[in-house]
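Single-structure report; data block below.
The values are calculated or read from the model by the stated rules, or taken from the named source; none is laboratory data. On a predicted model such as this, the values are computed, not experimentally measured, just so you know. Note that each Cβ is placed from the backbone with ideal geometry, even for glycine, and that neighbours are counted across all protein chains shown. Ligands, DNA and RNA are stripped out before the accessible areas are found, and what is left, the full protein with its side chains, is counted by its heavy atoms. Shrake-Rupley method; radii C 1.70, N 1.55, O 1.52, S 1.80 Å.
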Amino acid sequence: MLKNKKRLLTFWLPLAAIAGLGICASVVAYVYNDNKPNTAVIEHTEEISPGALAYIVDEVRKKAGVTELEYVTDLNSSAKLKCDDMVANNYYDHVNPASGKHGYEYITMEGIGFRSENLNKGVFNTNQSVVDSWMGSEQHRKAILEPANKYVGYAVCTSADKQTLVVQHFARPSDAASETDAPEGATARCCDGVYSHSTGRGTCSHHDSVCEWL
């Protein structure tokens with residue numbers, strides 16, 4: 001019995017020693033690799049979210065001396081419907097090319113007058129980059145800084161080509177007036193703030209579509 005134990009010890013001890021060396025080698029190798037300089041570029045990304053966008057836009061308005069917007073669930077819901085429609089029907093526009101439905105038509109909140117919409121699409125690493133993109137466009141910037149706009153809502157979704165889609169819906173009370181009253185004879189207000197006197201097909205076709213018929 002004792003001889004058998006000695007044989008077992010004689011057999012297992014070298015194996016244990018080899019295994020121990022392997023473990024040590026692994027640890028050393030791991031530590032060595034972990035201390036190698038990392039040459040990969042680490043890019044900061046964050047989740048694009050309605051709440052973060054609302055906060056940043058309010059900060060932009062405050063800096064411009066404009067009242068903050070009221071963040072409402074009704075407009076979040078309408079923006080989500082528009083966002084989902086663009087994904088489901090694979091388009092990116094204020095108007096659904098198949099149905100002809102305008103983005104502002106999703107806004108059914110009671111007691112409001114003028115309604116408008118900002119859209120954005122791209123690969124965004126931060127919420128700030130989404131707002132910066134809008135602010136770099138005159139018509140989108142105008143909508144964001146419009147003093148008469150009182151309510152806002154947002155939606156974020158992913159397009160078929162894996163880009164981020166962002167919808168921003170604005171609304172104002174029915175008695176609110178814009179900085180510029182509609183000129184006499186105007187039939188529609190375009191989504192970029194321009195007024196149109198046309199009544200036929202193609203009204204506001206070069207101005208981000210019709211946001212409100214007068």
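Summing +1 for each Lys or Arg and -1 for each Asp or Glu among the other residues whose beta-carbon sits under 13 angstrom from that of E70 gives 0. Surface composition of the stretch 127-180: carbon and sulfur make up 43 percent of the accessible area, probe 1.4 Å. Distance between the pseudo-spin-label points of Q163 and E70 (7 Å out from Cα toward the beta carbon): 3.5 nm. Note on K121 and E47: their simple-model spin labels are 2.5 nm apart, each label 7 Å out from Cα toward Cβ. When the pairs K80/K121; K80/K101; K62/K82 are compared against a 21 Å limit on Cα-Cα distance, K62/K82 fall above it. Both numbers refer to the Cα atoms of the stretch 102-145; Rg and Dmax are 12.6, 36 Å. Scaling against 2.2 N^0.38 Å puts the C-alpha radius of gyration of the stretch 107-174 at 1.18.
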